[in-house]
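Worksheet for the structure shown next.
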Amino acid sequence: MRFNPGGVLAIYRYELSRTVRTIWQSVATPVITTALYFVVFGGAIGSRIPEVGGVSYGAFIVPGLIMLSLLTQSISNASIGIYFPKFSGTIFEILSAPLSPIEAVTAYVAAAATKSVVIGLIILLTSTLFVEVRIDHPVWMVAFLVLTSVAFSLFGFIIGVWAKNFEQLAIIPSLVVTPLTFLGGSFYSIDMLPPFWRTVSLFNPVVYLVSGFRWSFFGQGDVGVATSLGFTFAFIVACLAALTWIFQTGWRLKP
Amino acid sequence: MPPIIDCVAVTKRYANGQLALDSVDLSIERGEIFALLGPNGAGKTTLIGAICGTVSMTSGTVSVAGTDVVRDFRAARARIGLVPQEIALDIFASVRTTVAFSRGLFGRPADPAYIERLLRDLSLWEKRDARIVELSGGMKRRVMIAKALAHEPDVLFLDEPTAGVDVNLRRDMWALVRRLRSEGATVILTTHYIDEAEEMADRVGVIDKGRVLLVEDKAALMRKLGKRRLTLVLHDPLSALPESLAGWPIALDEGGRRLVYAFDASADDTGVPTLLRRLAEAGVAFADLETTASSLEDIFVDLVGAGS
Ligand SMILES: Nc1ncnc2c1ncn2[C@@H]1O[C@H](COP(=O)(O)OP(=O)(O)O)[C@@H](O)[C@H]1O
Ligand SMILES: [Mg+2]
């Protein structure tokens with residue numbers, strides 16, 4: 001046996017079935033949250049905000065909202081996906097199976113990313129109930145959806161491997177990722193910011209993700225689409241490098 | 001044919017500096033039931049972990065049927081089933097799902113007929129669609145065994161399989177172990193009960209403080225370890241043994257108030273009747289008596305003492 005695709009598939013299926021078991025939690029939460037955002041930002045506040053670059057404010061925030069969910073969902077799915085076996089001890093089964101670390105990561109990350117993509121699409125559908133959404137580059141839209149999900153599922157996996165307790169599991173998402181996402185242009189174009197903050201924003205990785213994603217909808221973004229794409233790949237490569245190091249040192253998975 | 005498991009100079013030092021395995025050499029033959037006997041903290045779980053891949057070795061090599069467990073981990077692990085000491089299950093999954101998952105993890109194609117037979121053998125079939133959280137502790141242990149056997153391994157590790165287990169499960173488990181052996185599988189179990197090793201194993205290895213002190217055929221070991229002690233509480237303290245008992249392995253304790261006789265319980269003639277008769281002849285009366293098996297601790301003291 002040189003590879004174990006059956007083993008990868010087993011984890012992938014098992015992880016998705018775990019999602020199906022908690023289907024209401026998994027799907028209802030993001031849908032309700034998104035609906036609330038639309039009511040508050042799109043309806044109540046948005047009606048007082050003029051169009052942004054020829055797009056109504058309600059439609060303008062759609063890509064940002066999807067990104068917001070994609071990031072939080074990818075990170076939480078993937079981090080819990082690997083943290084939980086560690087916590088409950090069932091990780092022994094993965095460690096003693098004829099499965100390489102790369103295969104295990106592939107399975108967990110693919111499952112988490114799949115779930116995120118599905119949730120992203122559900123949010124997109126939900127948003128069409130509130131505003132008219134136009135998608136100029138559907139293929140790119142899906143590409144960004146998938147790449148971002150993979151990138152942040154990898155990141156989530158690393159957090160799950162690193163975390164020693166539930167606090168650590170929650171701290172990176174709430175202390176780092178949520179602020180970056182809110183300040184990442186989900187609800188505004190960074191052109192709306194004063195020059196100083198605009199420059200600061202360019203150091204926020206989320207800006208690049210939201211921008212590229214928004215471009216796939218409306219043909220315009222805060223930064224060039226190539227930059228966005230390049231950034232996403234760079235992020236994936238960085239995560240892969242970190243994971244390689246983790247597995248080479250057996251760090252925190254095996255005593 | 002190489003031994004089914006071959007450990008050479010296996011050493012494990014945990015991150016906190018604890019030396020859990022100190023250059024362990026151990027060969028396990030195909031088709032035997034091997035008991036690894038040792039007190040808590042001896043390194044039994046660590047050794048199993050090093051073989052199965054749940055613990056990273058500091059140094060040394062392990063091979064399974066000649067295949068290195070690090071270099072060629074896929075081939076090595078495919079042969080091994082592991083039932084760890086602690087129950088670890090996804091409590092929200094159903095019995096059948098989690099057992100099928102274990103099989104899939106090893107890349108084996110789904111085989112509902114095999115899974116059904118396995119669940120029936122372990123009296124789990126009735127509970128196949130129950131979620132783990134609904135099962136009793138004993139049932140959960142059965143699920144752990146079913147998961148370990150799901151991919152049809154030919155080596156099974158059972159880490160302290162009877163700790164806190166009821167009589168039924170214990171009986172079923174031993175029946176299963178014997179049947180696996182009769183089908184050609186190798187079973188390695190750990191325990192800190194001598195009688196458990198005695199009941200089940202073909203060969204016994206004794207481990208303490210990360211070192212394998214000896215590996216022997218069970219019968220030979222039991223002769224060595226099967227010592228019992230008879231303690232007599234005497235009416236009147238004795239300053240010296242009666243002439244007729246000179247040269248007997250007898251000690252006087254507590255200022256002559258207790259007489260302790262060590263004997264081999266498995267021998268045809270334990271010497272106990274003779275001892276009692278000669279004491280009576282010598283007019284030594286006793287108020288109480290008890291016999292005790294030599295504890296594992298005594299045996300370790302003996303073994304370590306003999307080794308140094
Ligand atoms: N993860 C760990 N980190 C540090 N020390 C450990 C760890 N696991 C076990 N030990 C220590 O290693 C020694 C052997 O433990 P173990 O293999 O569990 O023994 P046994 O299974 O024979 O009871 C003990 O001293 C134990 O405290
Ligand atoms: Mg143990």
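The values are calculated or read from the model by the stated rules, or taken from the named source; none is laboratory data. Nothing here was measured: the structure is a model prediction, and the numbers come from that model. Please note: Cβ atoms are built from the backbone with ideal geometry, for glycine as well, and neighbour counts cover all protein chains shown. SASA here: full protein model, heavy atoms, side chains in, ligands and nucleic acids out. Shrake-Rupley method; radii C 1.70, N 1.55, O 1.52, S 1.80 Å.
Within segment A:100-141, the set of residues being within 14 Å of chain B (Cβ to nearest Cβ), among the hydrophobic types (A, V, I, L, M, F, W, C) and open to solvent by 10 Å² or more (accessible area, probe 1.4 Å) comprises A:Ile102, A:Ala104.
The set of residues from segment B:80-92 being more than 7 Å from chain A (Cβ to nearest Cβ), surrounded by fewer than 21 Cβ atoms within 10 Å (Cβ to Cβ) and more than 16 Å from ligand 2 (Cβ to nearest atom) comprises just one member, B:Ile91.
Would you be able to say whether some residue in segment B:23-41 is within 14 Å of another protein chain (Cβ to nearest Cβ) and in contact (Cβ under 8 Å) with a residue 60 or more places away in the chain? No, segment B:23-41 contains no residue that is within 14 Å of another protein chain (Cβ to nearest Cβ) and in contact (Cβ under 8 Å) with a residue 60 or more places away in the chain.
Does A:Val150 qualify as being open to solvent by 10 Å² or more (accessible area, probe 1.4 Å), on the phi < 0 side of the Ramachandran plot, out of contact with any Pro (no Cβ under 9 Å at 6 or more places or on another chain) and modelled with pLDDT of 90 or more? Yes.
Counting residues in segment B:147-158 that are buried (at least 17 other Cβ atoms within 10 Å of the Cβ), touching a residue at least 12 places away in the same chain (Cβ under 8 Å) and aromatic (Phe, Trp, Tyr) gives one or more. For segment B:93-123, a residue qualifies if it is within 11 Å of chain A (Cβ to nearest Cβ) and polar (S, T, N, Q), and the qualifying residues are B:Ser94, B:Thr97, B:Thr98, B:Ser102. The set of residues in segment B:266-297 that are open to solvent by 50 Å² or more (accessible area, probe 1.4 Å) and at pLDDT below 85 comprises B:Ser266, B:Asp268, B:Asp269, B:Thr291, B:Ala293, B:Glu297. Note on segment B:27-43: residues that are closer than 19 Å to B:Pro3 by Cα and open to solvent by 10 Å² or more (accessible area, probe 1.4 Å) total 5. Taken together, B:Thr67, B:Thr46, B:Thr54 contain a single residue that is of a type in the set (S, T, N, Q), away from ligand 1 (no atom under 16 Å from the Cβ) and either surrounded by 16 or more Cβ atoms within 10 Å (Cβ to Cβ) or over 21 Å from B:Glu216 (Cα atoms) (or both), which is B:Thr67.
Within segment B:205-218, none of the residues are assigned to a helix (DSSP H, G or I) and either among the aromatic types (Phe, Trp, Tyr) or modelled with pLDDT of 85 or more (or both).
Checking A:Thr244, A:Thr178 one by one, the residue that is within 21 Å of A:Gln73 (Cα to Cα), open to solvent by 40 Å² or more (accessible area, probe 1.4 Å) and either aromatic (Phe, Trp, Tyr) or assigned to a helix (DSSP H, G or I) (or both) is A:Thr178 and no other. Restricted to segment B:75-96, and to residues there that are within 16 Å of ligand 1 (Cβ to nearest atom) and of a type in the set (A, V, I, L, M, F, W, C), the residue that is nearest to B:Ser136 (Cα to Cα) is B:Ile87.
If the condition is being without any contact (Cβ under 8 Å) to a residue 40 or more places away in the chain and touching a Phe, Trp or Tyr at 6+ places or on another chain (Cβ under 8 Å), then segment B:105-133 contributes B:Glu116, B:Leu119.
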